[in-house]
Structure formats: C-alpha cells, structure tokens
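Here's the structure, in structure tokens; my notes come after.
The values are calculated or read from the model by the stated rules, or taken from the named source; none is laboratory data. These numbers were taken from a predicted model, which means no experiment stands behind them. We place every Cβ from the backbone using ideal geometry, glycine too, and count neighbours over all the protein chains shown.
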Amino acid sequence: MPSFPFRIEVGYKDGTVKGYFTESFATDAESIVSASIMNAKIDCLPQATLIGNSGSAVSGGIVGTRAGETNGAGGGNAMTLGSSQSDSFGDHRTGKNSALSISFNDPATGSLTFHDTETSDLSGLDFYTFHGSKVCSVLGIPENVRIYTENFKFSDDSTDTNNYLSGDLVTNAVSLTDTFKMSPAARVRSNMVWEEADGDGMLQWVSSSVQNLKIGYESTEDSFIIDANSTRQFRIRNVDDLATRRINTNALIGTGTVFIGSGSSALSFGTSGTTAVSAFNDGDLNVSNGQLVVTHNESTIFSSPSNETFDDYTLVLKNRQQNTEDSFAGIAFDVGTENDTDAIMASIVVLRDTTADGDGNSSLHDGNLVFCTNDESDDDLTERMRISHDGDVTIADGRLVITHNESTTWSSPSNEVFGDFTLVLKNRQQNTVDTFAGIAFDAGTENDVDAIAGAILVARDNTTTTKHDGNMIFATNDDSDDDLTERMRITHDGDVCIGTTTQGTGGGRLTISDNGNIFPLTISNIFSTNDSADGILIEFPNTVTPDNASHFIRVDESDGTVVYEVRGDNAGGFTQGDSFTAGHDTACFDDDDLQPGLIVESTGEVWYKPTGSFQTALPYTQLSNSNGSKNVFGVIGGWPLRYDATGSIYNVDEGNEYYVKNGYYMKPAFIGYGKNAPTGSTNRQLSTMSLGEGLMWLTNHNGNIENGDYIESSVIKGHGRKQDDDILRSKTVAKCTETINWSEVTSSIQYSGSAYKKYLAAVTFHCG
C-alpha cells in the first residue's frame with residue numbers, strides 16, 4: 001500500500017534550521033482522518049538531520065545552518081534520520097515546538113493552524129517550510145514555499161535570494177519565471193481571462209517533459225481545445241447537457257458504454273461533411289450513412305434456448321411500455337430516397353399475445369413473430385407470415401416458394417433420406433396408429449381453426465418405433481367446418497381406396513366405393529377430338545391364352561353373387577356370363593300407348609345407315625297392329641319407375657327424363673345414334689329386345705298360349721298372339737317359355753267391341 005512522506009523545516013533568525021521528517025506520514029488506506037489526529041501526527045514527527053548539497057551533514061548533527069544551502073527554500077537539501085531523536089516537532093519535554101506550534105478549531109473539518117510562539121530561542125522564528133505533495137494538498141498548506149514571520153521581505157543579496165510577501169496584493173501585471181502554486185484552500189473570486197490576441201492561453205498538466213492534458217486556446221489551429229495524452233485515462237462524468245456539432249471518434253480505441261440522455265440536441269458521428277450516426281432527443285438512434293456493426297463474443301450455444309438470457313444475444317430489442325395485446329418490438333426496413341416516417345418497406349416484429357397469457361400479466365411472455373412487406377405506398381405494410389407463440393406458421397397473404405437443388409434421382413426411392421426432399425413434414429409426438437403429419441387447405445374469409453376445405457396427410461399404421469408403415473389419405477369438405485371427409489387412401493401396401501378405407505372383397509388394388517346413384521368411375525379421354533379416341537385397355541402381358549379363370553370384367557352383388565362377368569375361354573376368345581338379352585335401337589313413332597313388352601315393326605324406312613360402318617343399319621318402327629306381320633323388328637325394353645319417400649323418381653339417369661313415359665323408363669342402348677341421326681319430333685328413340693330372353697305382352701286373341709308356342713303379332717296394337725304352327729317363320733316374334741293359367745288371368749284389353757285377356761309372359765326372342 002502506498003505511503004506518503006512529509007517534512008517540516010523550521011528556520012531561526014540566528015541561522016539554525018531544524019528538520020522533522022517521516023517517510024510514512026500517511027497511507028492510502030486512511031480515507032478519513034480528523035484534524036485532531038493530524039495534529040497529533042505532526043507533533044510526533046521525529047527530528048532529522050538536514051543533508052546539504054555536498055552530501056555531508058550540515059554542522060550541528062541534528063541542526064544545521066543556512067550556510068550549507070545553495071537554493072532558496074531549502075532547495076537541494078534532503079532529510080535523513082539523525083542519531084539523536086530525543087526531540088520531535090511537538091517536543092516531548094515541553095509539549096510543543098519551541099518556535100512553531102499547531103492547533104485545530106474543529107476536528108471534523110480537517111483545518112489546521114500554525115502559530116509563531118514568539119520565542120527568543122535562537123533569536124526567534126524566521127521561517128518554516130512544508131514538503132510532501134500529497135500531504136500538503138490534503139492539508140491545504142503550501143508546498144516548498146518559505147513562510148516568513150514578516151509580511152514583507154525583499155533582498156538584493158545574491159546569497160539570499162528569498163523574497164516574501166504576505167497579505168493582499170493589487171498589481172497590474174505578474175510575471176512568473178518558476179512556480180505558481182495555490183493552496184487547496186485558496187479560491188478564485190473573479191473570472192480568469194485569457195486574451196486571445198496576446199497568444200495561446202493554456203492550462204497544462206505535465207510530468208517532466210510529457211504533456212498529459214491541456215485546456216485552452218491554440219493559435220496555430222485557431223481553436224479551443226481539450227487535449228489529453230492518448231496513454232492516459234480521460235473521463236467526463238455527470239454531464240447533463242453536452243452541446244456540440246461534431247465528435248471525432250476516429251482515434252478512439254477500446255470498449256465501454258455510451259449513455260445518451262434526453263435533451264434538445266442530437267449526438268452525431270460521421271466523417272467530414274456527412275452524418276453517419278445520430279442520437280435524437282427522443283432516444284432514436286439513426287445510422288444515416290454507414291453501417292451498424294454489432295460484434296458479440298459469446299460462447300453459449302443454443303442447445304437449451306429456454307435457459308438463455310438477454311446477455312447471450314448479439315442484439316436485443318425491448319419495449320417496456322405496457323403489457324397490452326399486440327404491443328410490439330421490432331425492426332423496420334426501407335430502401336429509397338423518401339424519408340417519410342411511415343415509409344416502411346418491410347418489418348420483423350414480435351407481438352405480445354395476451355390471448356394466451358391474459359392481458360396485463362407481466363410475468364408471461366407469449367410472443368408471435370410477424371414478418372411484413374409493402375406492396376405499394378407508405379400505408380400498405382401488410383403482414384405476410386406469422387410464427388405464433390405455440391409454433392404455428394401462417395402465411396397470411398402470399399405464397400411459400402421452396403427451391404431445393406438436389407441431384408439425387410428417384411431410381412432407388414428406398415435409399416432416399418429427408419435431405420433429398422424439397423419439403424419435409426414430421427410428427428414426433430408418439431407411435432400410436434393413425435397419428436399423422438399432413439397439410440391442410442382452405443379458401444375463404446372465415447378463420448375458424450377447424451375450417452378445413454381439404455387435406456393431404458400420412459397416418460401411421462403400426463406401433464413399432466422402428467417401422468414406418470404409412471397410409472396416404474386425401475380428404476375434402478362438402479359442407480361446414482366439421483365435415484372434412486376422407487375421399488381416397490393409398491395404403492402402406494399399395495392399395496388405392498376411393499370412397500372407402502379398406503380393400504374391396506375381390507382383393508383388387510383399386511377399390512372405389514360410392515353410395516349414390518351415379519357411376520363410381522368415369523373415364524374421359526380428352527386427348528383427341530376425332531372419332532378414334534380410345535377408352536379402357538386391359539392387358540395380360542404375361543398370359544399366352546387366358547383361360548376361364550381369367551376374369552376380364554365381373555359384377556358382383558353385396559354378398560359376392562356374380563351378376564355379370566366376361567372371362568377367357570381357353571381358346572383366345574371370351575365367354576360372357578349372364579342371362580343374355582340383346583336387341584337393336586330404333587326410332588319408333590311416339591304412340592301414346594308405348595311401354596316395355598310391346599311389339600314394334602319396321603315401317604320400311606331407314607332411320608340410321610352410316611356410310612362409315614357396315615355394322616349399323618336401323619329402321620323407323622311403329623307399334624305392330626296386324627296379325628302375323630312379317631315386318632316385326634323386336635319388343636320394347638325398359639324398366640318400371642321407382643319412387644323415393646318424397647315421391648321423386650330415383651332410377652332415372654340425370655338429364656334423361658325424356659325417356660320416361662306411361663310409368664316406365666325406356667332408354668335406348670346407344671343415345672349417340674340419336675345425336676348423329678335425329679329422330680324427328682314425331683318419333684322416340686327406343687331400345688328393343690330381339691334375341692335372348694325377356695318379357696312381352698300376350699293375349700288370347702288366337703286362343704290360349706301354352707309353354708312352347710311360337711308368338712306372332714296381332715291386330716291388338718303391340719300385343720302378341722299364338723302362332724298357328726310350330727315352324728319358325730319370318731313372322732315369328734318369340735316362343736313362350738311359361739305355363740299360363742288363363743283361367744286366373746284377370747287383366748283384359750278391348751278390341752272391336754270384344755274383351756281379351758292379356759298377360760306379361762316369359763319368352764325367348766327370335767325376330768332378331
């Protein structure tokens with residue numbers, strides 16, 4: 001710990017000089033010392049030997065004469081402890097110095113007063129001098145200045161150059177060639193004025209030849225300066241208001257903190273003629289010409305972000321105004337020449353979310369990270385993307401474009417890794433079946449969390465951690481929020497299920513299920529507009545000759561019963577598995593009595609005979625009305641109408657109500673024929689039965705018909721009657737295959753005043 005020396009020299013009028021000295025009068029550990037303690041310390045100063053310029057002791061051992069001094073004020077002399085230290089400054093024997101005493105008025109102020117005792121010893125007190133800069137400064141006494149008992153002393157003796165003046169002095173000018181000192185207790189009671197016209201005026205602090213600080217006017221630069229040595233520490237503290245035009249920071253090196261308080265002026269940093277950084281009175285910091293570079297040396301890693309503090313981040317933005325919802329802290333961006341305060345091109349902000357933490361709850365910090373861009377003018381800043389406090393990412397107005405440069409091909413998909421894909425969705429919550437990762441879609445203005453218009457997802461299909469069986473599911477919504485419905489599934493083993501979640505009973509890889517009255521599958525070929533477009537191709541590339549176990553087409557009922565099938569025939573062809581009925585389309589006169597089961601005959605006029613085909617030649621027809629007509633063409637086909645609970649017909653194809661008549665649905669086999677060859681307003685396109693088996697209307701006009709009888713036309717419009725023989729003729733329409741009990745037939749029909757029984761009988765058709 002540093003120690004501070006102190007000595008007192010006391011000179012007498014007979015030339016004797018006494019010295020009192022210690023090298024450790026005080027230490028820097030003594031922060032507060034009272035006047036009484038200082039008084040005691042000075043009284044205990046030991047007497048020492050005064051050493052002259054020659055290095056030998058001045059005569060007298062512990063006392064000396066001024067004859068040994070060469071400098072005024074004792075200059076060049078030193079003090080060492082003598083062999084005799086019976087005396088101290090306060091004189092143990094007398095209790096005080098014989099010529100100079102010390103006292104204090106108030107122990108708390110630290111003020112000390114030295115007194116001439118007016119002793120006659122050694123002819124009385126002549127002068128006294130204090131040495132030790134630190135102690136003299138603290139005590140407020142002059143250092144290395146002889147203080148005489150007289151008020152005025154003037155000498156022109158070369159051996160005595162000490163001149164002394166005590167008291168008030170009024171003079172026009174003072175010039176000093178050596179030293180100017182002021183006691184710490186001294187005060188300047190008027191302005192000190194440096195006249196610029198007479199040269200530099202400086203206050204300077206120097207150590208030997210090194211200038212540590214100068215304050216004043218420098219004429220060579222014509223400027224007022226405060227200039228500190230670069231190797232010394234310079235501080236300006238507790239300044240409330242600093243008014244300046246420019247602060248040059250080019251030569252400043254180091255670290256620290258800049259505090260910018262309130263005020264009417266700005267603090268600006270920059271190069272000549274420019275302003276790079278401005279600090280405004282409202283606290284804004286504006287970097288107008290340059291870069292803001294923030295360097296932060298931080299070893300903390302982000303492995304546990306919940307444990308991070310503000311000190312771990314390179315840049316921290318805080319808003320401490322309030323806890324209200326949507327209060328924010330953020331960064332704004334702009335590029336351009338306009339300087340409007342609201343000319344914001346883009347921004348990144350964090351909004352306080354009090355919907356989660358409760359408005360005003362200062363201890364919670366739910367925050368939504370929001371990204372905004374501007375698409376036009378000052379006031380068009382718009383939120384584009386939001387990362388909510390619970391991790392949801394929402395793109396409010398825009399698109400998500402992901403570009404991924406990847407050279408890996410799909411030749412070996414089993415070897416792919418997540419890094420090969422442009423977009424990866426993961427759900428790491430659990431291994432439960434049907435846990436999923438996916439994408440949801442919606443279009444519209446409603447913002448309900450469950451307002452999902454469509455979705456694509458992959459659902460887990462096992463519970464084993466190391467297995468990743470996944471079913472891909474496609475869902476759409478047909479109504480409101482909660483009506484999202486699975487429409488198609490690609491199972492983990494490759495089955496495609498549409499309208500169902502499971503494979504069909506037939507084991508097919510594509511299963512389509514529908515509960516409506518429309519076709520579950522429609523194939524539309526829009527590749528070509530010509531007449532050569534293709535429909536469905538079924539290939540058996542590894543089969544030489546499909547046998548009867550090869551099902552080309554099969555139609556089953558719900559219990560697996562086969563309704564219709566086409567299979568191989570072991571010979572390169574096919575067999576059709578159904579109860580066969582075939583016929584032809586025709587344009588028939590739209591008689592009011594038309595219904596299924598009635599006979600039609602050719603009028604002899606051609607309705608449709610296309611030149612591009614030898615397989616189509618169709619006549620106009622009408623209901624037969626003569627006995628045994630050889631012009632018979634077929635029997636009308638169709639279905640009875642069925643009605644739902646509301647009374648609406650439900651077995652009519654949409655848009656084909658035209659084919660309903662007399663309580664029946666009579667649809668042609670190929671509607672396209674009527675499109676290519678219009679029937680005209682008086683005719684109706686019908687499909688007829690001419691081969692195979694079915695039903696037709698019979699009468700007993702020519703006697704009761706038995707099982708096996710041939711059927712021909714009759715004069716009763718559209719109805720068949722018994723043929724007279726069993727020979728297949730050109731007039732033969734069908735053969736009865738049912739035993740009819742005519743005695744129990746109650747239905748009848750009138751012709752020419754007579755009533756005949758009629759019956760819908762099972763037959764085989766033979767007119768085709």
Completion exercise
Per the filter on the stretch 619-664, residues closer than 19 Å to A761 by Cα and among the hydroxyl-bearing types (S, T, Y) are S624, Y664
Exercise for the section: Examine the stretch 472-490 for a residue that is touching a strand residue (DSSP E or B) at 6+ places or on another chain (Cβ under 6 Å), assigned to a loop (DSSP other than H, G, I, E, B), assigned by TED's automatic domain parsing to the domain that holds L425 and surrounded by 15 or more Cβ atoms within 10 Å (Cβ to Cβ), and state whether such a residue exists. Expected result: no
Problem - Selection within the stretch 558-568 - over 13 Å from D578 (Cβ atoms) and within 59 Å of the chain's Cα centre (by Cα) - result: S558, D559, G560
Problem - Any hit, the stretch 576-583, residues being free of Cβ contacts under 8 Å to residues at least 40 places away in the same chain and either of a type in the set (A, V, I, L, M) or surrounded by fewer than 17 Cβ atoms within 10 Å (Cβ to Cβ) (or both) - result: yes
Handout entry: Given (1) closer than 19 Å to V145 by Cα; (2) at pLDDT below 50; (3) part of a strand (DSSP E or B), number of the condition G76 does not satisfy
Key = (3)
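Give the stretch 452-471 a look and list any residue that's surrounded by 17 or more Cβ atoms within 10 Å (Cβ to Cβ) and aliphatic (A, V, I, L, M), or say none. Spell out the reasoning first.
Kept after step one, since they are surrounded by 17 or more Cβ atoms within 10 Å (Cβ to Cβ), are these residues of the stretch 452-471: 452, 455, 457-460, 470-471.
Scanning the stretch 452-471 gives I452, A455, L457, V458, A459.
Residue-by-condition table, conditions (1) under 60 Å from the mean Cα position of the chain (by Cα); (2) in contact (Cβ under 8 Å) with a residue 40 or more places away in the chain:
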| residue | (1), (2) |
| --- | --- |
| G604 | no, no |
| K609 | no, no |
| F614 | no, no |
| V652 | yes, no |
| V660 | no, no |
| Y664 | no, yes |
| A669 | no, yes |
| G674 | no, yes |
| A677 | no, yes |
Fill in the blank from the handout: Among strands (runs of 3 or more DSSP E) entirely inside the stretch 638-741, those with 3 or more residues being under 28 Å from L618 (Cβ atoms) and among the polar types (S, T, N, Q) are 683-689
Problem - Answer from T149, T161, T129 - the residue that is surrounded by 16 or more Cβ atoms within 10 Å (Cβ to Cβ) and touching a residue at least 60 places away in the same chain (Cβ under 8 Å) - result: T129
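Each row is one residue, and each column tells you yes or no for (1) part of a strand (DSSP E or B); (2) more than 16 Å from N39 (Cβ to Cβ); (3) at pLDDT 85 or above.
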{"site": "G110", "(1), (2), (3)": "no, no, no"}
{"site": "F114", "(1), (2), (3)": "yes, no, yes"}
{"site": "E150", "(1), (2), (3)": "no, yes, no"}
{"site": "N162", "(1), (2), (3)": "no, yes, no"}
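Check T257, T244 and return the single one that is surrounded by fewer than 10 Cβ atoms within 10 Å (Cβ to Cβ), modelled with pLDDT under 50 and in a loop (DSSP other than H, G, I, E, B).
Details: T244 fails: modelled with pLDDT under 50.
Of the residues listed, the single one that is surrounded by fewer than 10 Cβ atoms within 10 Å (Cβ to Cβ), modelled with pLDDT under 50 and in a loop (DSSP other than H, G, I, E, B) is T257.
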Handout entry: Condition broken by S388, with the remaining ones in (1) loosely packed, with under 14 Cβ neighbours inside 10 Å; (2) among the hydroxyl-bearing types (S, T, Y); (3) under 24 Å from V316 (Cα atoms) satisfied
Key = (1)
Problem - Unique residue being modelled with pLDDT of 90 or more and outside any strand (DSSP E or B) when the list is V401, V433 - result: V433
Problem - the stretch 478-501 residues that are farther than 22 Å from G516 by Cα, paired with ones that are charged (D, E, K, R) (beta carbon under 6 Å, 6 or more apart) - result: D481/D448; D481/D450; H492/D461; H492/D469; D495/R509
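Restrict the check to the stretch 135-146 and report whether at least one residue is in contact with an Asp or Glu (Cβ under 6 Å, 6 or more places away or on another chain), in a helix (DSSP H, G or I) and surrounded by 10 or more Cβ atoms within 10 Å (Cβ to Cβ).
Kept after step one, since they are in contact with an Asp or Glu (Cβ under 6 Å, 6 or more places away or on another chain), are these residues of the stretch 135-146: 136.
Adding the requirement that they be in a helix (DSSP H, G or I) leaves 136.
Within this subset, residues satisfying the condition of being surrounded by 10 or more Cβ atoms within 10 Å (Cβ to Cβ) are 136.
Checking the stretch 135-146: at least one residue is in contact with an Asp or Glu (Cβ under 6 Å, 6 or more places away or on another chain), in a helix (DSSP H, G or I) and surrounded by 10 or more Cβ atoms within 10 Å (Cβ to Cβ).
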Handout entry: One residue from N702, N741 being among the polar types (S, T, N, Q), modelled with pLDDT of 95 or more and surrounded by 13 or more Cβ atoms within 10 Å (Cβ to Cβ)
Key = N702
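Let me confirm something: among D392, D379, which residue is at pLDDT 85 or above and acidic (D, E)?
On the way: D392 fails: at pLDDT 85 or above.
Within the list D392, D379, the selection yields D379.
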Handout entry: Qualifying positions in the stretch 207-237 - within 55 Å of the chain's Cα centre (by Cα), loosely packed, with under 14 Cβ neighbours inside 10 Å and in a strand (DSSP E or B)
Key = S223, F224, I225, I226
